4 protein chains.
Amino acid sequence: EGARQLEAQRDTLSQQLQEVESRNRDLVEQLTDFEQRLEKSQNEQGVFRNNLKTLLEILDGKIFELTELRDNLAKLIEGS
Amino acid sequence: EGARQLEAQRDTLSQQLQEVESRNRDLVEQLTDFEQRLEKSQNEQGVFRNNLKTLLEILDGKIFELTELRDNLAKLIEGS
Amino acid sequence: EGARQLEAQRDTLSQQLQEVESRNRDLVEQLTDFEQRLEKSQNEQGVFRNNLKTLLEILDGKIFELTELRDNLAKLIEGS
Amino acid sequence: EGARQLEAQRDTLSQQLQEVESRNRDLVEQLTDFEQRLEKSQNEQGVFRNNLKTLLEILDGKIFELTELRDNLAKLIEGS
């Protein structure tokens with residue numbers, strides 16, 4: 001009796017362990033997937049940010065050139 | 001003897017189950033954390049993107065106003 | 001004889017004087033016309049110059065607004 | 001008596017003619033001066049107008065370049 005009961009407990013535990021381990025593998029897989037998505041997203045954000053920085057530098061240049069044009073117009077008006 | 005062996009197996013399995021369940025809770029916690037970070041990151045990206053769209057609209061306006069100024073200068077030169 | 005000669009000289013001079021005086025009136029008329037054209041031209045240049053000054057001020061405003069936009073873009077990139 | 005009177009008339013006319021001719025030369029000089037000033041002023045206006053046209057072309061270029069920048073920013077936002 002005792003042996004049969006112990007055997008049943010052992011089998012139940014063994015099955016539970018398998019189930020929990022299987023669930024574990026799923027979770028690890030999900031985590032790995034999340035990590036990859038987060039890393040990809042961060043890389044994309046980095047590229048995006050660099051592209052924006054390049055546009056900012058171009059905008060700086062355009063503002064500088066418009067300021068030069070403005071100064072030349074001012075000189076032209078003053079000299080006329 | 002068989003009973004003792006079964007008892008030992010049951011205890012080992014019980015301990016393994018506890019360990020794997022504890023590991024499981026950790027993984028679920030990590031996943032939840034990741035999900036929150038990813039959601040927060042996506043929200044921030046959304047806000048960022050909306051701010052950029054606002055700047056784009058302002059830039060549109062500035063280009064339009066510079067074009068008006070350009071046209072007025074052209075008319076002034078033509079009429080002089 | 002002397003009297004006739006003198007009479008002829010007087011008449012010639014009188015006619016020359018009339019011609020030169022007529023030429024004088026033409027020249028004064030031309031001068032007045034020139035003065036009016038020059039004054040009109042200077043007035044037009046003054047109006048033109050004021051219009052250019054207005055455009056210059058508008059351009060100043062646009063450059064200022066583009067610089068604000070540039071600064072907001074820079075802050076957005078830094079904060080991201 | 002008649003001869004003396006005629007002589008006096010002739011001398012008066014001769015002097016008036018000289019005065020009017022001198023005034024004439026002054027007027028012609030003033031006219032020439034005016035013409036030169038008007039021509040110089042027109043040349044300067046021509047140079048000024050060409051300088052303004054050059055600035056207008058530069059402004060055209062800047063507006064074109066800002067529009068390119070705007071389009072690149074729009075693409076960046078859409079692609080993000």
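For this structure, a couple of remarks:
- Whole-angstrom gap from segment B:8-80 to segment A:17-60, using each part's C-alpha centre: 12 Å
- Kirkwood-based shape ratio for chain D, expressed as Rg/Rh from alpha carbons: 1.77
- Given R0 = 22 Å, the distance between the Cβ atoms of B:Ser80 and D:Ile58 translates into a calculated FRET efficiency of 0.75.
- Each other copy holds its own label point for A:Gly61; taking that point as 7 Å from Cα along Cα to Cβ, the gaps run 1.2, 2.7, 2.9 nm, nearest first.
- Inter-site label distance for A:Arg25 and C:Leu31 at 7 Å from Cα along Cβ, in nm: 11.4 nm
- A:Glu39 sits among other residues whose Cβ lies under 13 Å from its own Cβ, and their net charge, with Lys and Arg +1 and Asp and Glu -1, is 0.
- Neighbourhood net charge (11 Å Cβ-Cβ; Lys/Arg +1, Asp/Glu -1) for D:Leu27: -2
- Footprinting exposure proxy ranking of A:Arg10, A:Arg70, fewest other C-beta atoms within 10 angstrom first, gives A:Arg70, A:Arg10.
- Annotation: extensible slack from C:Asn50 through C:Asp71 equals 4.4 nm (criterion: 0.36 nm per residue apart, minus Cα-Cα distance).
- In this assembly of identical copies, the label point of C:Val28 (Cα plus 7 Å along Cα-to-Cβ) is separated from its counterparts by 1.9, 11.4, 11.6 nm, sorted shortest first.
- Across peptide A:46-58, the average count of Cβ atoms from other chains found within 10 Å of a residue's Cβ is 5.
- Residue and distance (whole Å) for the chain B Cβ nearest the axis that superposes B on C: B:Lys62, 3
- Calculated on C-alpha atoms, the gyration radius of the protein assembly as shown divided by its Kirkwood radius gives an Rg/Rh of 1.62.
Every number here is computed from the coordinates shown, using simple stated rules; none is lab data. Keep in mind that this is a model prediction, so the values were computed, not measured. Note that we place each Cβ from the backbone using ideal geometry, even for glycine, and neighbour counts take in every protein chain shown.
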